[in-house]
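Input: a single structure, listed below in structure tokens.
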Amino acid sequence: MPKPYQFCSDCGAPDLKTMSDREFRCERCGFRHFITPIPAAVALILDAQDRLLVIRRGHEPGLGLLGMPGGVIEPEESGEEGASRETREETGLHIPPEAFRYFVSLNNRYLFQGFVWPTIDLFFVARIESFDGLRADPAEVMEWMPMKLDEVPLEQFAFGSNAEAVRRLRESGLQASPTSK
Ligand SMILES: [Zn+2]
């Protein structure tokens, strides 16, 4: 089974023993390396007309497929702060962390540096009046589209977690709630 660690990150020895599907132990010094889920924040942003902000991904993995603003949560950040920052970086929209409400967490897998890492995607919902002023970062976002939830083509998402979150949002009835802050 492929593993993300080729050498001991403590002593540099090349002999990592596979202890389980998520633990690799250095045969020389005993240093233990783990695969643990990487937390990511994803923003489900609705406007006053109950349209969801869907983006077309501008980079791999999933280049050209659909998604929502989001990314890996950085050290010291809360999930809401991560959702706010990623939204700002990718779309230019300034939505404060307090405007995001936790919705659901779903497992995902993300190809990075030659290894498929497990991630745990945390989805947060925010409501804004409109998407006016949105400025997509072309390095991240190829195209952006406000879409009615019922019209989002779930099969075109890069990640199953994203499609599942949108499906659950449809069922939740959240999209019918009034604008809140
Ligand atoms: Zn070692």
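The values are calculated or read from the model by the stated rules, or taken from the named source; none is laboratory data. Since we're looking at a predicted model, the values are computed, not measured. Using ideal geometry, Cβ is built from the backbone for each residue, glycine included, and neighbour counts are taken over all protein chains shown.
Numbers for the structure displayed
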item	result
Single residue of P75, P153 found to be surrounded by fewer than 19 Cβ atoms within 10 Å (Cβ to Cβ), over 14 Å from the mean Cα position of the chain (by Cα) and within 30 Å of I35 (Cβ to Cβ)	P75
Every pair of residues 6+ apart whose Cβ atoms lie under 6 Å, when the first sits in the stretch 18-41 and is acidic (D, E) while the second is assigned to a loop (DSSP other than H, G, I, E, B)	E27/D15
Neighbours by Cβ (under 6 Å, 6+ apart or cross-chain): first from the stretch 127-149, surrounded by 13 or more Cβ atoms within 10 Å (Cβ to Cβ); second of a type in the set (V, I, T) and assigned to a strand (DSSP E or B)	V141/I55; W144/I55; M145/V54; M147/V54
In the stretch 13-56, the residues that are more than 20 Å from the chain's Cα centre (by Cα), charged (D, E, K, R) and assigned to a strand (DSSP E or B)	K17, E23, R25, R32
Sole exception among (1) over 20 Å from R85 (Cα atoms); (2) among the aromatic types (F, W, Y); (3) without any contact (Cβ under 8 Å) to a residue 40 or more places away in the chain for Y102, by number	(1)
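Results for (1) within 16 Å of the ligand (Cβ to nearest atom); (2) closer than 28 Å to R127 by Cα; (3) not assigned by TED's automatic domain parsing to the domain that holds G133, shown as yes or no for each residue.
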site: D21; (1), (2), (3): no, no, yes
site: R28; (1), (2), (3): yes, no, yes
site: V54; (1), (2), (3): no, yes, no
site: G58; (1), (2), (3): no, yes, no
site: E80; (1), (2), (3): no, yes, no
site: E90; (1), (2), (3): no, yes, no
